[in-house]
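Quick notes on the structure that follows.
The values are calculated or read from the model by the stated rules, or taken from the named source; none is laboratory data. As the structure is a prediction and not an experimental result, all values here were calculated from the model. Glycine also receives a Cβ, built like all others from the backbone with ideal geometry; neighbour counts cover every protein chain displayed.
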Amino acid sequence: MKSANNHRLETITDSSMPGGGLWGVLAFWGLHGWVLAYSLVMLGAFFIQFVKGEFPCPLCMLQRYGMFLSTMGALFVIMQARSGTLTPSRYAQGLGMGLIGALAGAMVSLRQIALHIMPGDPGYGLPILGLHLYTWALVTFAVVLTYSGVALIFAPRSIPVAPSEMSALRWISTGVVWLFIGVAAANVVAIVFLEGFAWVLPDNPVGYHLIEQLTGK
Amino acid sequence: MILLFGTTLLIWRGAKHQHIIVLWIVGLVAMLALFRYHVTSILNLSF
């Protein structure tokens, strides 16, 4: 009986969903923009880590975690939309995950900005376009918070609608999802090399602990 | 990070949404715990 009631509730909720239309399409690809942008941001962080030789500090890694937690909300909605099981409540859950993840990341960014706010402090790492990476991270979190807020305001009209299977757009969507999964996997490898057999990162990392521990140097 | 990656894979595989939400919350709590661990000093700021 309970499951029948749940089913009826789900049906009512689903039937109240608008057909999607332009707003639904925009919402679907807006979420891909979110996933793609954070994937590229983290690839940029890898460039600075491996090419420029700057090791990420613990607060830098925590901001990456904030980006992952936030992007998982967008990914959750995308995958639900692709499988055709997205309901307004799950859309709200995904946006909520994105919002809280961005809030957690912004908190870490603000702490790191405050650490280097005193006049004359050079900051941590090299500035990019005049701002340090943790300041750019705060900008991205602010953009995500704004996006999520706007998406929630327009939620009744903007339930994401996925393109039909086997269409070219579907392949683009799959590519974006796989890019994010690849970046997440690369971060797992990177953090294992940075931390070695320790549970946490050193406060001021200067090398890859795993290599040091394995080679004894 | 392994936990976050695992949750990402579950989302991609279309696991039950309750499992995803619970794991995501565990990841968030772990991140906040790490933040608490690394941030030990009070900022000495005066304006």
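Annotations
- Being more than 20 Å from A:Trp23 (Cβ to Cβ) and assigned to a helix (DSSP H, G or I) is not true of A:Val77.
- Sole exception among (1) in a loop (DSSP other than H, G, I, E, B); (2) more than 14 Å from chain B (Cβ to nearest Cβ); (3) not polar (S, T, N, Q) for A:Asp121, by number: (2)
- Conditions (1) within 12 Å of chain B (Cβ to nearest Cβ); (2) more than 18 Å from A:Val108 (Cβ to Cβ); (3) assigned to a loop (DSSP other than H, G, I, E, B); number of the one not met by A:Leu201: (2)
- Among the residues of segment A:87-118, those identified as within 11 Å of chain B (Cβ to nearest Cβ) and over 20 Å from A:Pro56 (Cα atoms) are A:Thr87, A:Ser89, A:Arg90, A:Gln93, A:Gly94, A:Gly96, A:Met97, A:Gly98, A:Ile100, A:Leu103, A:Met118.
- Residue match in segment A:177-186 (condition: surrounded by 14 or more Cβ atoms within 10 Å (Cβ to Cβ), without any contact (Cβ under 8 Å) to a residue 24 or more places away in the chain and part of a helix (DSSP H, G or I)): yes
- The residues in segment A:163-174 that are of a type in the set (Gly, Ala, Ser) and within 13 Å of chain B (Cβ to nearest Cβ) can be counted, and the count is 1.
Conditions (1) on the phi > 0 side of the Ramachandran plot; (2) more than 9 Å from chain A (Cβ to nearest Cβ); (3) modelled with pLDDT under 85, marked per residue:
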{"site": "B:Gly14", "(1), (2), (3)": "yes, no, yes"}
{"site": "B:Ile20", "(1), (2), (3)": "no, no, no"}
{"site": "B:Val26", "(1), (2), (3)": "no, yes, no"}
{"site": "B:Phe35", "(1), (2), (3)": "no, no, no"}
{"site": "B:Phe47", "(1), (2), (3)": "no, yes, yes"}
